[in-house]
């Protein structure tokens, strides 16, 4: 199934956190926090401003981004857990 977000929404895939600490201790799944870093999978066309002009989003598919701990709505598309959120919920793009 293909999914295209509307307006200023983006679809994000969480990037899995490291399962070991720097000292080599393995952290079980139940003790891990959900990562707050992800990869943009799809973006909407943009939001309309007061004049009715569509303003394009600053992020694009493939960007690595940081977002808030409780941001977005979790959905399952084709068996994969993804997040749908507004661009304003993103904190920034991680430079490569």
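The values are calculated or read from the model by the stated rules, or taken from the named source; none is laboratory data. Quantities reported herein were computed from a predicted structural model and do not represent experimental measurements. Here the Cβ is made from the backbone with ideal geometry for all residues, glycine too, and neighbour counts use every protein chain on show.
Considering only residues that are touching a residue at least 12 places away in the same chain (Cβ under 8 Å), surrounded by fewer than 12 Cβ atoms within 10 Å (Cβ to Cβ) and either under 21 Å from residue 2 (Cα atoms) or touching a helix residue (DSSP H, G or I) at 6+ places or on another chain (Cβ under 6 Å) (or both), which ones fall in the stretch 69-80?
The answer is 73, 78, 80.
Considering each residue of the stretch 60-80, count those that are touching a strand residue (DSSP E or B) at 6+ places or on another chain (Cβ under 9 Å) and either under 9 Å from residue 10 (Cβ atoms) or part of a loop (DSSP other than H, G, I, E, B) (or both), and give that number.
The total comes to 8.
For the stretch 52-68: of the residues being within 20 Å of residue 2 (Cα to Cα) and out of contact with any helix residue (DSSP H, G or I) (no Cβ under 8 Å at 6 or more places or on another chain), which is surrounded by the fewest Cβ atoms within 10 Å (Cβ to Cβ)?
62
Scan the stretch 86-96 residue by residue and report those that are closer than 17 Å to residue 46 by Cα and outside any strand (DSSP E or B).
Matches in the stretch 86-96: 87, 88, 89.
Checking the condition closer than 14 Å to residue 11 by Cα, in contact (Cβ under 8 Å) with a residue 12 or more places away in the chain and not in a loop (DSSP other than H, G, I, E, B), which residue from 57, 83 passes?
Answer to the selection: 83.
Can you tell me which of (1) at positive phi; (2) at pLDDT 90 or above is the one residue 74 doesn't meet?
Only one criterion is unmet by residue 74, namely (1).
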